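A.B. asks: My questions will all concern the structure given below.
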Amino acid sequence: MILSLLIFLPLIGALVVALLPDNQHIPFKWLTLGVAMAELLLSVVAYTQFDQQQAGYQLLEQADWITLPLGNLGVVSIDYLLGVDGISLPLVVLSSVILLIGVLSSWTIENRQKAYFSLYLLLSGTIMGCFVALDFFLFFLFFEFMLLPMYFLIGLWGGPRREYASIKFFLYTLLGSVLILLVMIGLYLSVMDPVSTAVMAGLATDAASVDQDLIRLVQAQLADMHISSSQIVHTFDLRYMADGGNYLPNAFLSGAGETTFWGIPARMIAFWAVFLGFAIKLPIVPLHTWLPDAHVEAPTPVSVVLAGVLLKIGGYGFIRIAWGLFPDGGAQYAQTLAGLGVLSIVYGGLNALAQNDLKKMIAYSSVSHMGFVLLGVASLTSEGINGAIYQMVSHGVLSAMLFLIVGVIYDRTHDRRIDSYRGLLQVMPHYAVLTAVAFFGSLGLPGFSGFVGELFTLMGGFQSLWLPGWLPSVAVSGIVLAAAYLLWSLQRMFFGPLWTRDGVESTLTDLNGRERLMLIPLGLLALLLGLLPNVLFNLSNATVAQWLEKFNV
Amino acid sequence: MQTDLLCSLIPLFPLIGFAINGLGFRKVPASLVGPISSAAALASFAVSLMLFSGFSGQPVKATLFDWISVGSLHINFSFQIDQLSLLMLLIVTGVGSLIHIYSIGYMKHDEGFGKFMAFLNLFLFFMLLLVTGSNYVIMFIGWEGVGLCSYLLIGFWNKNVNYNNAARKAFVMNRIGDLGFLLGIFLLITTFGSVEYTDIFEQATRFAVGDKMILAITLLLFVGAMGKSAQIPLYTWLPDAMAGPTPVSALIHAATMVTAGIYMIVRSNVLYTLSPVTLEVIGVIAIATAILAASIGLLQNDIKKVLAYSTVSQLGYMFLGLSVAAYSSGMFHVITHAFFKALLFLGAGSVIHAMSDEQDIRNMGGLRKHLPLTFITFLLGTIAIAGIPPFAGFFSKDEILAHVFLHNKALWGLGLVGSAMTSFYMFRLLFLTFFGEFRGTEAQRHHLHESPATMTLPLIVLAVLSVAGGLLNLPGGGWLSHFMEPLFAGSAQVSPEAFGHEIDHSTEYMLMGISTAVAIGSAIAAYVVYISRHAVPAPESAERSGIAKLVYNKYFVDELYEIAIVRPIRALGDALYNFGEFIIDGIVNGVAWIVRAASAQLRLLQSGSIGFYVFAMVFSIAVIVIVRFFVRF
């Protein structure tokens, strides 16, 4: 029930806002704020109800949604299936925090409030849907639907080149979606739902009486082709897709890997297709060029949500779908994949060094920091995967903070160039302190969350049986680069004698209450996670341990 | 249980001090700021003394909580109290307290006084974590934390762009070293499956001398030490770090933080003893650093820069001691150096204070009449560092050189050369500052005054320690080497031959005699040049030739780094942004353009003419039939 609420509360909110008359007296932002606060509350409740010792999915909700018998093609079954585990729950909580901060940051949106907040709520609901859906079809639905509000939020409320940026974002992500869609259909055709199939094949009277032994029996019968194709119930259930026993023999994506294209097993191609689909989202070099453009043009709150939450769907997709459903692909190409992660780390860092636009610099630093996620996942170690999840949450908090910081100065002067300012510390001391906190957190200073994320993804890289030691060794240079570009920017903007390019010193007021309300909690959160990393690791440990069992073979 | 509490109290006091003065910046009354932060430091010192006096000789471990558990790896938040951490505790909190008190006098009139004291407390906190942590990760946290404080305090006067550059340089260069440290930690985990000292060293005793993995680990850890303790090639940040207020130079960049590298190696002595190759590498780097820095010090004219190069050089001596497995000698020099170098820096601060922020010794002279206390204490510090008996520096440096003599005569000879330079540049500094005629402006002359008691008191205490510090470890089996002996049990076990060299007494007296003669000889040389002949270094604008130019400009190492490393990396970033991104985006936009162009052409087919459609249909059917005819499928 809780997970449904998490999804539908904002969706209903979006609908309500859309149906309300477009009247300036209606407090759309207060309504949105209320929804966002309720969401945070709900996710906290979900957190407290979650049993951290258990590895499997919890808070499950399931309902039949679409069931279509197609004769010899079997039965189509799409479920409304929700659940969380130690991988998705941290991201759910993170999303609710960032989305709430995003609402506060949207407070200054003046034009077309109704449309803005309606789209914002739609975005919130679809994001939550992505993280809790356990049916691939349902996941994909949310995943695709997310594009719509994002496209308009950048395209309508963005900067001067917003149209170019929003179309680029849209097409890039759509390309990824197409790849994911193809694999999803392939998987669907290859996987059965053992429970419903047991019922259809007459091995059980109803779904409730199916136990583990019976599932093993069904799987054995399937492997021996004792079940006729009309009795096989196909499914989008990610839990079943993750179990090799449920793959039809001779099916397109079966584990045997008999189907090949140009000598490459279909499963490997499918792995690369979903990988690319999510790699665009993360993003991974060289599929990242939409990100700097989207960030630079997006309004501050959209940047906050984009960096804080949306990118994480890429990393989540890696763990849940790309590696989760195709462990063989993840193991076989570990080195190449980790190499791509390292490339992102170094390439993003070097590009960040070259920026003069503060927002663009932070966008490239995101590319660099997300590279650690890929490195951690590709390492296939407990340290690496836990570290990747940790790094996603940490980056969610810190990047949200960083983009808010850009917003603060942009709101005042409409100029984001680093070399337009000097000595801001003297007029905006609180702003300077919080910027320093965010920068030092981002560059991985121990005590803040960034350190733990980087430490463990790198440690995973070293511990990995799949990776050579030089890969993580190269990745470590990303940490020096981060110190270089962040401290250089800090120095250029905040230290030295006070000076601005356009003589706008008088507009430079220190943080107001709303800005503090956004920045201070995020800073404290980064500190808390950095001081007590077990808060997060305890959540993910058990799930990750179980997840890794696939790779022990 | 009681130890647990005491252990956590030690870093807790400065943290509380930081919280009060930092969060309450501009709200805590200026008269309370100093007492609060100094009390925090003194309280830690008192607790350290309690631990020291109650120490039974057995290491005590206090585990506060399980900090990180991932998979099979557990990292505890825990402290380890043993001989080494106790010594470091006493130095850090003891010298730290004195410098806190000194700072009250020195920084009171600065508008950022509260912030300054808060940062000092924060530094103490991280430094105490560094030396008391029971595993490498806690050490690393402290390690990076002191780096942060160093950054904040070097750039404390942040309106000055050069100071900010120095701060950033210090942080980034330290970060480069930290990468080595971090990689070393990763290898430790892969090799030993733990980061706890006790686990690792226990397992390490089962390794053979010369093990490849240990070689890699020790080299990587040493890279970390190079950064923090300013050894070639990562030393250039330390002289620049003098941009920070003088108490910072004394506390962080002379007495405590920069010795963290030595602490780390002494802590890991088992691993280093297992890897003689690493020790050789350290020896070469150490002696090169000691001589290079000393030679630069000969021609510097900024009172703090001379002391900074001297610090780099003395750190070289400490590593030199470690490189011949004379770990306790290295630590002995850490202790005496903390006394006399803190004294010298604080004395320099007192001079700068009196001279209205003048730091160029060419504009000083004759100050002994105006600053008698500062002069006397500075003189004692100079004698101590120059290595003249029976002052502290003599014993510790001599002990290192004696061990080096047994190991390698050539290294010993070079060490002696460095020792001669040390004595020369220190007496040069002393003579130019306190003797001769005053060379400053009239305004400065009027302002000259002895510093207040908060500043002179620490000078007196440190002077006494600099004079008497040698008593800690008198030749022929002093207290210190006996006290530290249990730390090296593992080392002695894995490689007994690296230890237990006894120097026979006649050799020992001979070596002492030689180094004393060298030190006094250099001092006399400096006397002849700067007192008898009244020489004053040439002004900045003077044309220097050949070697003098090279040395005066610090061998152009900064320029070399700028050209060989900094600029290429920046250029690479720019190139990637301008070309790499251009190419990737070009492909993306190119695909979009092709699609659009193709669709523009295809659109023309939809002409609306029925005749054309029918023609296209018939034509297509014909093509299909023909293809079917030739290709069977």
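Taken together, the values in this text are just the output of simple stated rules run on the coordinates, not laboratory data. Since the structure is predicted, the reported quantities are computational estimates derived from the model, not experimental observations. Counting neighbours? That spans all protein chains shown, and the Cβs are built from the backbone with ideal geometry, glycine included.
A.B. asks: Pop out the ³J(HN,Hα) list for the stretch B:124-133 in order, Karplus 6.51 cos²θ - 1.76 cosθ + 1.60 with θ = phi - 60°, rounded to Hz; leave Gly and Pro as x.
C.D. replies: Calculated HN-Hα couplings, in order: 4, 3, 5, 5, 6, 4, 4, 8, 9, x Hz.
A.B. asks: Moving on to the next point. Using the eigenvalues of the Cα gyration tensor, what equivalent ellipsoid semi-axes result for the stretch A:438-553 when each is taken as the square root of five times the eigenvalue, whole Å, largest first?
C.D. replies: Equivalent ellipsoid semi-axes, largest first: 38, 20, 9 Å.
A.B. asks: Which semi-axes, in whole Å and largest first, does the equivalent ellipsoid of the stretch A:333-553 have when worked out from the alpha carbon gyration tensor as the square roots of 5 times its eigenvalues?
C.D. replies: Values for the stretch A:333-553, descending: 35, 18, 11 Å.
A.B. asks: Just add up the charged neighbours of B:Val161: K/R +1, D/E -1, any other residue whose Cβ is under 11 Å from the Cβ of B:Val161.
C.D. replies: That works out to +4.
A.B. asks: What's the ranking of B:257-267, B:438-448, A:102-112, A:143-153 by average number of surrounding C-beta atoms within 10 Å, highest first?
C.D. replies: Going by the mean number of other Cβ atoms within 10 Å, highest first, we get B:257-267, A:143-153, A:102-112, B:438-448.
A.B. asks: Over the Cα atoms of chain A, how large are the radius of gyration and the largest Cα-Cα distance (Dmax), in Å?
C.D. replies: Considering chain A through its Cα atoms, Rg and Dmax are 23.7, 82 Å.
A.B. asks: While we're looking at this one, here's another question. Sort out for me the Cα centre separation of the stretch A:347-385 from the stretch B:465-517, rounded to whole Å.
C.D. replies: Here the two parts' Cα centres lie 50 Å apart.
A.B. asks: Whole number please: convex hull volume per residue, Cα atoms of the stretch A:249-311, in Å³.
C.D. replies: Output value, Cα hull per residue: 99 Å³.
A.B. asks: Applying a 10 Å radius around every beta-carbon, put B:21-34, B:378-391 in order of their mean neighbour count, most first.
C.D. replies: Highest to lowest by the protection proxy: B:378-391, B:21-34.
A.B. asks: Tell me, rounded to the nearest percent, the portion of alpha carbon pairs in the stretch B:222-262 spaced more than 16 Å apart.
C.D. replies: Value for the stretch B:222-262 (Cα pairs over 16 Å): 29 percent.
A.B. asks: Looking at the protein assembly as shown only, what percent of DSSP beta bridges run antiparallel? Nearest 5 please.
C.D. replies: 95
A.B. asks: Something else now. Please compute the average number of Cβ atoms from other chains found within 10 Å of each residue's Cβ in peptide B:571-581.
C.D. replies: Mean number of neighbouring Cβ atoms from other chains: 6.
A.B. asks: Give the whole-number value, in cubic angstrom per residue, of the convex hull volume spanned by the C-alpha atoms of the protein assembly as shown. Before the final figure, lay out each step's value.
C.D. replies: On the way: hull volume 253.9 nm³, N = 1186.
Each residue corresponds to 214 Å³ of Cα convex hull volume.
A.B. asks: Within 10 Å of each Cβ in peptide A:374-382, how many partner chain Cβ atoms are there on average? Round it to a whole number, please. Don't skip to the answer; put the middle values down first.
C.D. replies: On the way: counts 0, 0, 0, 0, 0, 0, 0, 3, 4.
The mean count of partner-chain Cβ atoms within 10 Å per residue comes to 1.
A.B. asks: Now for a separate question. Enumerate the whole-percent occupancy of each 10 Å bin, from 0 to the last occupied one, for all C-alpha pair distances of the stretch B:415-455.
C.D. replies: For the stretch B:415-455, the pair-distance distribution reads 23, 32, 29, 15, 1.
A.B. asks: Starting at the first residue of the stretch A:535-550, write each ³J(HN,Hα) from the Karplus equation 6.51 cos²θ - 1.76 cosθ + 1.60 with θ = phi - 60°, in whole Hz, x for Gly and Pro.
C.D. replies: Values, residue by residue: 3, 8, 4, 4, 5, 8, 3, 5, 4, 5, 4, 5, 4, 6, 4, 4 Hz.
A.B. asks: Quick check on the protein assembly as shown: helices-only [θ] at 222 nm, where DSSP H runs of length 4 and up contribute -39,500 (n - 2.57) each and the sum goes over total residues. Nearest 500, please.
C.D. replies: Theoretical 222 nm ellipticity from helices: -22000 deg cm²/dmol.
A.B. asks: Mind jotting down a quarter of the surface of the convex hull over the alpha carbons of the stretch B:125-184, in square nanometres, one decimal?
C.D. replies: The Cα convex hull of the stretch B:125-184, projected and averaged over all directions, gives 3.9 nm².
A.B. asks: Another question, if that's okay. Using the Kirkwood formula on the Cα atoms of the stretch B:172-296, what hydrodynamic radius do you get, in angstrom to one decimal?
C.D. replies: About 15.2 Å for the stretch B:172-296.
A.B. asks: How big is the stretch B:289-355 by Rg and Dmax over its Cα atoms, in Å?
C.D. replies: Calculated on Cα positions, Rg and Dmax stand at 13.2, 44 Å.
A.B. asks: Restricting to Cα atoms and excluding each atom paired with itself, what does the Kirkwood estimate give for the stretch B:481-621 in Å?
C.D. replies: 26.3
A.B. asks: Could I ask something else about it? What is the distance in Å between the Cα centres of the stretch B:378-448 and the stretch B:552-576?
C.D. replies: 33
A.B. asks: For the stretch B:560-630, go through all pairs of different Cα atoms, get the mean of 1/r, take its inverse, and jot down that Kirkwood value in Å.
C.D. replies: On the way: mean 1/r = 0.0581 Å⁻¹.
For the stretch B:560-630, inverting the mean 1/r across all distinct Cα pairs yields 17.2 Å.
A.B. asks: Then there is this: What is the average number of partner chain Cβ atoms found within 10 Å of a Cβ in B:69-80?
C.D. replies: That average works out to 5.
A.B. asks: Over all alpha-carbon pairs in chain B, figure out the percentage whose distance exceeds 41 Å. Before the final figure, lay out each step's value.
C.D. replies: Numbers: 62350 of 200028 pairs.
Tail of P(r) above 41 Å: 31 percent of Cα pairs.
A.B. asks: For A:Ile167 and B:Ala19, what is the calculated FRET efficiency with R₀ set at 60 Å and r taken between the beta-carbons, to the nearest 0.05? Intermediate results must be reported in sequence, preceding the final value.
C.D. replies: On the way: r = 50 Å, r/R0 = 0.84.
Efficiency computed from Cβ-Cβ geometry: 0.75.
A.B. asks: For the ranges A:356-365, A:14-23, what's the packing order if you count other beta-carbon atoms within 10 Å of each residue, average per peptide, and put the highest first?
C.D. replies: Descending mean neighbour count gives A:356-365, A:14-23.
A.B. asks: List the residues, sorted by chain then number, that are 5 or more residues from B:Glu450 or on another chain and whose placed amide H is less than 5 Å from its amide H.
C.D. replies: none
A.B. asks: Please report, in whole Å, how far the alpha carbons of the stretch A:72-139 spread along each principal axis, starting with the longest.
C.D. replies: Result for the stretch A:72-139: principal-axis Cα extents of 57, 29, 10 Å.
A.B. asks: Continuing with this model, one more query. Between the stretch A:76-99 and the stretch A:409-471, how far is it from one alpha carbon centroid to the other, in angstrom?
C.D. replies: About 28 Å separates the Cα centre of the stretch A:76-99 from the one of the stretch A:409-471.
A.B. asks: What three numbers, in Å, describe the spread of the alpha carbons of the stretch B:50-207 along their principal axes, ordered from the longest?
C.D. replies: 56, 38, 26
A.B. asks: Which translational diffusion coefficient, to the nearest whole µm²/s, is obtained for the stretch B:177-552 from the Stokes-Einstein equation, given a Kirkwood hydrodynamic radius over C-alpha pairs, 10 °C and 1.306 mPa s?
C.D. replies: On the way: Rh = 21.1 Å.
Diffusion coefficient, whole number: 75 µm²/s.
A.B. asks: Could you tell me what fraction of 2.2 N^0.38 Å the Cα radius of gyration of the stretch B:1-134 comes to, as a two-decimal ratio?
C.D. replies: For the stretch B:1-134, the normalised Cα radius of gyration comes out at 1.13.
A.B. asks: Also, I was wondering about something else. For each of B:Asp398, B:Asp574, A:Asp502, count neighbouring Cβ atoms within 10 Å of the residue's Cβ, then give the residues from fewest to most.
C.D. replies: A:Asp502, B:Asp574, B:Asp398
A.B. asks: Hey, another quick one. Select from the stretch B:512-584 those GluC sites (Glu not before Pro) which occupy a DSSP coil region and have at most 12 other Cβ atoms within 10 Å, ordered by residue number.
C.D. replies: Sparse-neighbourhood loop GluC sites (Glu not before Pro): B:Glu540, B:Glu543.
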